[in-house]
1. Can you give me the number of residues within the range 76-85 that are of a type outside the set (A, V, I, L, M) and either crowded, with 18+ Cβ neighbours inside 10 Å or farther than 16 Å from Asp37 by Cα (or both)?
2. Under 9 Å between Cβ atoms, which residue pairs at least 6 apart in sequence (or on different chains) link something in the range 67-89 that is in contact (Cβ under 8 Å) with a residue 24 or more places away in the chain and within 14 Å of Arg25 (Cβ to Cβ) with a partner that is surrounded by 11 or more Cβ atoms within 10 Å (Cβ to Cβ) and polar (S, T, N, Q)?
3. Would you say Arg25 is buried (at least 18 other Cβ atoms within 10 Å of the Cβ), in contact with an Asp or Glu (Cβ under 6 Å, 6 or more places away or on another chain), not aromatic (Phe, Trp, Tyr) and not in a helix (DSSP H, G or I)?
4. Which one of Gly13, Gly46, Gly40 is surrounded by 14 or more Cβ atoms within 10 Å (Cβ to Cβ), modelled with pLDDT under 90 and within 11 Å of the chain's Cα centre (by Cα)?
5. Just one of (1) among the basic types (Lys, Arg); (2) in a strand (DSSP E or B); (3) without any contact (Cβ under 8 Å) to a residue 12 or more places away in the chain trips up Lys5, so point out which.
6. Take the residues in the range 49-61 that are of a type outside the set (A, V, I, L, M, F, W, C) and surrounded by 13 or more Cβ atoms within 10 Å (Cβ to Cβ), then tell me which one is nearest to the chain's Cα centre (by Cα).
7. Yes or no: Ser29 touching a Gly at 6+ places or on another chain (Cβ under 6 Å), of a type in the set (S, T, N, Q) and more than 20 Å from Glu88 (Cα to Cα)?
8. Hey, does the range 62-70 have a residue that's under 11 Å from the mean Cα position of the chain (by Cα), at pLDDT below 90 and of a type outside the set (Phe, Trp, Tyr)?
Amino acid sequence: MKTKKIPLRRCVGCNESKPKKELVRIVKSKEGEIAVDLTGKANGRGAYICRDSECLKKAMKSKRVERALETQIPDEVYDRLLEEIESEK
């Protein structure tokens, strides 16, 4: 029997490849709205980040998320991300 392939995604904070389920997805819809996608299935351009606050701070400082999504990211999205990461610990 074939083993199931685990999809890997690269974290924009630490630049490591990890299984998709271990990461949080930030998505930019076609309308330009930025949101935190917990299901990982929303339509639009996505960027992934580890469930680690240090990784998020690194990505915020160097604006890697903004570069990946090709748009400005409001502070509310970063706050929501930080809440999500902190609640999982």
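1. Selection size over the range 76-85: 1.
2. Close Cβ pairs satisfying both conditions: Ile85/Ser53.
3. Working: buried (at least 18 other Cβ atoms within 10 Å of the Cβ): yes; in contact with an Asp or Glu (Cβ under 6 Å, 6 or more places away or on another chain): yes; not aromatic (Phe, Trp, Tyr): yes; not in a helix (DSSP H, G or I): yes.
Yes, satisfied.
4. On the way: Gly13 fails: modelled with pLDDT under 90; Gly46 fails: modelled with pLDDT under 90.
On inspection, the qualifying residue turns out to be Gly40.
5. In the conditions (1) among the basic types (Lys, Arg); (2) in a strand (DSSP E or B); (3) without any contact (Cβ under 8 Å) to a residue 12 or more places away in the chain, Lys5 misses (2) alone.
6. In the first step, residues of the range 49-61 are kept if they are of a type outside the set (A, V, I, L, M, F, W, C); the result is 51-54, 57-58, 61.
Within this subset, residues satisfying the condition of being surrounded by 13 or more Cβ atoms within 10 Å (Cβ to Cβ) are 51-53, 57-58.
Numbers: Arg51: 9, Asp52: 11, Ser53: 12, Lys57: 12, Lys58: 13 Å.
Step by step, filter the range 49-61, then rank; the result is Arg51.
7. Details: touching a Gly at 6+ places or on another chain (Cβ under 6 Å): yes; of a type in the set (S, T, N, Q): yes; more than 20 Å from Glu88 (Cα to Cα): yes.
Yes; evaluated as a whole, the condition is true for this residue.
8. Looking through the range 62-70, none of the residues is under 11 Å from the mean Cα position of the chain (by Cα), at pLDDT below 90 and of a type outside the set (Phe, Trp, Tyr).
The values are calculated or read from the model by the stated rules, or taken from the named source; none is laboratory data. Keep in mind it's a predicted model, so treat the numbers as computed, not measured. Every residue, glycine as well, gets a Cβ built from its backbone with ideal geometry; the counts of neighbours run over all protein chains shown.
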